[in-house]
Amino acid sequence: MPLDQFRCTGLRNLAPIDITPSNHINLITGANGSGKTSVLEGLHILGMARSFRTHQLKHAIHHEADGLTVFGRLAGTVPVPLGVRRQRSGDGVELRVSGERVDRIATLAEKLPMQVINPDAFRLIEGAPASRREFLDWGVFHVNSEFFDLWRATRRALKHRNALLRHDRMDRQAIAVWSAELARWGQRLDQMRQEYIQAFRPVFERILAELVDLPGLQLRYYRGWDKARPLDDVLSQSIDTDRQMGFTQQGPQRADLRLRVGKYPAAQVLSRGQQKLVVSAMKLAQGHWLEEATGRQCIYLIDDLAAELDETHRQAFCGLLEQMTCQIFLTGIDRHLLDDVWRGPTDMAHFHISDGRLTAA
């Protein structure tokens, strides 16, 4: 469901925002430093209760404000209001769904699936496995209702096993118990990830082919331990080396998605423009598969669409956006770079931002 209302106060350099966005494409233009990215940041906070620009949400609060508040309403037969509040003086974040306070960010994220395509998205190719694992788990979480509890059980078992490995005196019996728990939950988690990738890969390949021709590009899933051995055997045989290292070296916490072109990592072969197209295809494919698998739609936040893409690839990218029925917020410095990339009439709203003030254009 798209947002039919969005309000935000106390965020960075932004004046209070109160807009009614289009349910399809929303274009936000303005000069560098005017606050375009901050608008996307506010939308991201609404869906994830965290910023994509800072690890501590309090650092996103305007220096003269006591806190920040973002509010949105999901359209539908029964509209669903969502809210996130962070006070400067407090430690936690207040979350509300349908007027009720909720404790888990997962409850909020489930209501508002969200994807970001911005300069940080290059981490999917160039960055550490954690970024790709987060991308993978986002997809599994939104199509499999059992995933989150399973993920939490796996994390809990890993945390206890690692704590025991760091004790001065190793309790092998206790480690065996938590190794068995980690193997039990970890193997089920791996199965969910494998099933997701099997369904996701052809969608990704189809969308990538519409954006760019990259023969030899392969997306592979690595589960985090020897594919020929069960996890319980790996954990039992690695206790001594894990003890020396002070943490569990193999398991689902080491899972990764590996992008290669022929024999080489994609990051070593692809240009920045090609990398942006690959990352965009991955993100768009997740939205397509979410809709195919569940009938639900995600919201896309796309920062500086024109950067590193020539006109041909901008047109291909925007053509895919037009085909999607989801809600999209995208920013750009020059509207003229985006005026000629749409293939047909589309439901679009244009907002302009100047000195932190967002107005309908």
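Observations on the structure shown:
- Candidates THR69, THR37 - the one that is over 16 Å from ILE333 (Cβ atoms), among the hydroxyl-bearing types (Ser, Thr, Tyr) and open to solvent by 20 Å² or more (accessible area, probe 1.4 Å): THR69
- Scope region 1-26; condition of a type in the set (A, V, I, L, M), surrounded by fewer than 22 Cβ atoms within 10 Å (Cβ to Cβ) and not in a loop (DSSP other than H, G, I, E, B); matching residues: ILE19
- Of the numbered criteria (1) outside any loop (DSSP other than H, G, I, E, B); (2) closer than 27 Å to PHE141 by Cα, the one ARG229 fails is (1).
- Screening region 125-140 for residues that are aliphatic (A, V, I, L, M) and closer than 25 Å to GLU291 by Cβ and picking the one that is most open to solvent (accessible area, probe 1.4 Å) gives ILE125.
- Condition check for THR331: open to solvent by 60 Å² or more (accessible area, probe 1.4 Å) and either within 28 Å of ASP18 (Cα to Cα) or not aliphatic (A, V, I, L, M) (or both): no
- Of PHE141, PHE122, all but one fail to be over 24 Å from LEU305 (Cβ atoms) and either among the β-branched types (Val, Ile, Thr) or part of a helix (DSSP H, G or I) (or both); the exception is PHE141.
- Region 40-52 - residue that is out of contact with any His (no Cβ under 7 Å at 6 or more places or on another chain) and open to solvent by 20 Å² or more (accessible area, probe 1.4 Å) and, of those, farthest from ARG96 (Cα to Cα): ARG50
Okay, residues lined up against (1) farther than 21 Å from ILE117 by Cβ; (2) surrounded by fewer than 22 Cβ atoms within 10 Å (Cβ to Cβ):
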position: ASP232; (1), (2): yes, yes
position: LEU235; (1), (2): yes, no
position: PHE247; (1), (2): yes, yes
position: GLY262; (1), (2): yes, yes
position: MET282; (1), (2): no, no
position: GLN286; (1), (2): no, no
position: LEU309; (1), (2): no, no
position: ARG314; (1), (2): no, yes
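The values are calculated or read from the model by the stated rules, or taken from the named source; none is laboratory data. The structure displayed is predicted, hence computed values, not measured ones. Quick reminder, even Gly has a Cβ in these numbers, built from the backbone with ideal geometry, and neighbours come from all protein chains shown. Just so you know, the surface numbers come from the protein's heavy atoms only, side chains and all, with ligands and any DNA or RNA stripped out. Shrake-Rupley method; radii C 1.70, N 1.55, O 1.52, S 1.80 Å.
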